[in-house]
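What follows is a single structure, written as structure tokens, with notes after it.
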Amino acid sequence: VKRILIVGATSAIAEATAREFAARGDALFLVARNAAALQAIADDLRLRGASVLGTAVFEARELEAFPALIDAAVLCLGGLDQALIAHGTLSDQGACEASVELLREEFMTNALSVMALSLLLARHFTAQDHGVIAAISSVAGERGRQSNYLYGASKAAVSTFLSGLRQQLYPKGVWVVTIKPGFVATPMTAAFKKGVLWATPAHVARDIVRAMDRGTPVLYTPWFWRPIMALVRSVPERIFRRMGG
Ligand SMILES: NC(=O)c1ccc[n+]([C@@H]2O[C@H](COP(=O)([O-])OP(=O)(O)OC[C@H]3O[C@@H](n4cnc5c(N)ncnc54)[C@H](OP(=O)(O)O)[C@@H]3O)[C@@H](O)[C@H]2O)c1
């Protein structure tokens, strides 16, 4: 039985991942913004086999509240073995270009909050000489595209941050897992037309659980995004700047 904290637990990807954990009887502490949705998911996960289940409500932009959240999870579960950070927003690129306030809020939600949580978890896991910090970044962080480069830049910040943290914590027995999904059919992408590259939250969830158990440094999910992104990264800027999307 593992003791696992899930932040952003009402996310479709996080919920699917929590179902995998519940099925093997893990103890879960769920944190999310929407109290009613959180309660419904918690009730469902109890029925699916989660051994212990605690919840707390949070707002990702209120960084000062994070230490108390982690303390609450540790207290409820009697310790912590793994954490998954899943919350995020697909920022409205045009609106962010027009409003520096929105730009700041979106970067706070998608990048700063993940960094702040990771540092707190790092402190806790380092003190006990083990632990897994997993956070959902995105393939969108690998190359800025005109349609979503603020979102991409936030995810790039998260991926680079986690890379450094992974090096720092490796000798201390703490694993850091960067999760890079491609296109996943969730409420976040409800407005998009789906095609062959699209995956279900359930598929991505199985990959996430395996990566967290093995301490995989960087997970591309589904797997085919690794070669696709290698190709995308290889296009020279001289050519990339002329391409749409
Ligand atoms: N779907 C994709 O194609 C895709 C691809 C790559 C990466 N990702 C990443 O995967 C993660 C999960 O997304 P998803 O696809 O599962 O989408 P989702 O179902 O829309 O989940 C997004 C979650 O983030 C929460 N959230 C947003 N802003 C928040 C805030 N200020 N404070 C607290 N919680 C907040 C939402 O809470 P509410 O329910 O209260 O709004 C929701 O639980 C995100 O980090 C996303 O960037 C998704």
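Quick note: the coordinates plus some simple rules give every number you see, no bench work behind them. Note that the structure is a prediction, hence the values are computed from the model and not measured. Cβ sites come from the backbone with ideal geometry, for glycine too, and all protein chains shown count toward neighbours.
Overall, the range 1-146 carries a charge dipole of about 400 debye about its Cα centre when +1 sits on the Cβ of Lys and Arg and -1 on the Cβ of Asp and Glu, all other atoms neutral.
The sum of -39500 (n - 2.57) across all DSSP H runs of n ≥ 4, divided by the residue count of the chain, sets its helix-only mean residue ellipticity at 222 nm to -14500 deg cm²/dmol. Between the listed residues A111, T17, L90, the Cα displaced farthest toward the positive end of the dipole of the range 1-118, a dipole computed from Cβ unit charges relative to the Cα centre, is found at T17.
The angle between the Cα long axis of helix 66-77 and the main principal axis of the chain comes to about 40°, on a 0 to 90 degree scale. A cut-off of 5 Å between modelled amide H atoms, ignoring neighbours fewer than 5 places along the same chain, links G49 with no other residue. This model, with +1 at the C-beta of Lys and Arg and -1 at the C-beta of Asp and Glu, gives the chain a dipole about its Cα centre of some 980 debye. With the simple model of a label 7 Å out from the Cα in the direction of the Cβ, E237 to K172 spans 3.5 nm. Which angle from 0 to 90°, rounded to the nearest 10, does the C-alpha axis of helix 225-234 make with the longest principal axis of the chain? Taking the Cα atoms of the chain, the angle to 225-234 is about 40 degrees.
Taking amide H atoms as placed 1.01 Å from N in the peptide plane, the amide H of V184 lies under 5 Å from those of A199, each 5 or more residues away in sequence or on another chain.
The residue among A185, I239, G195 whose Cα reaches farthest toward the positive pole of the charge dipole of the range 169-245, with charges on the beta-carbon of Lys, Arg, Asp and Glu, is I239. Taking every DSSP beta bridge that has both ends in the chain, the antiparallel portion is near 0%.
Annotation: the residues H203, H87, sorted from fewest to most other C-beta atoms within 10 Å of their own C-beta, follow the order H203, H87. Relative to the longest principal axis of the Cα atoms of the chain, helix 201-214 runs at roughly 70 degrees. When you work out D = kT/(6 pi eta Rh) for the chain at 20 °C and 1.002 mPa s, using the Kirkwood radius from C-alpha pairs as Rh and the Stokes-Einstein form, the result is 117 µm²/s.
The eigenvalues of the Cα gyration tensor, multiplied by 5 and square-rooted, give the range 105-226 an equivalent ellipsoid with semi-axes of 26, 17, 11 Å from largest to smallest. Sort the range 180-245 into rounded, prolate or oblate with this rule: let a ≥ b ≥ c be the square roots of the eigenvalues of the Cα gyration tensor; rounded if a/c is under 1.5, and if a/c is not under 1.5, prolate when a/b is larger than b/c, oblate otherwise. It is oblate, given that a/c is not under 1.5 and a/b is not larger than b/c. Summarising the amide proton neighbourhood of F29: residues at separation of 5 or more, or on other chains, whose placed amide H is nearer than 5 Å comprise I4, L5, I6, G54. The relative contact order of the chain, computed from alpha carbon pairs under 8 Å that lie at least 6 residues apart in sequence, is 18 percent. For the range 51-58, 3J(HN,Hα) computed residue by residue from phi via the Karplus equation (6.51, -1.76, 1.60; θ = phi - 60°) reads 6, 10, 8, x, 9, 8, 9, 8 Hz, glycine and proline entered as x. Between the alpha-carbon centres of the range 128-166 and the range 16-69 there is a gap of 22 Å. Across the range 26-95, the mean sequence separation of Cα contacts (distance under 8 Å, 6 or more residues apart), normalised by length, yields a relative contact order of 32 percent. From most to least packed by mean Cβ count within 10 Å, the peptides 208-218, 192-202 give 208-218, 192-202.
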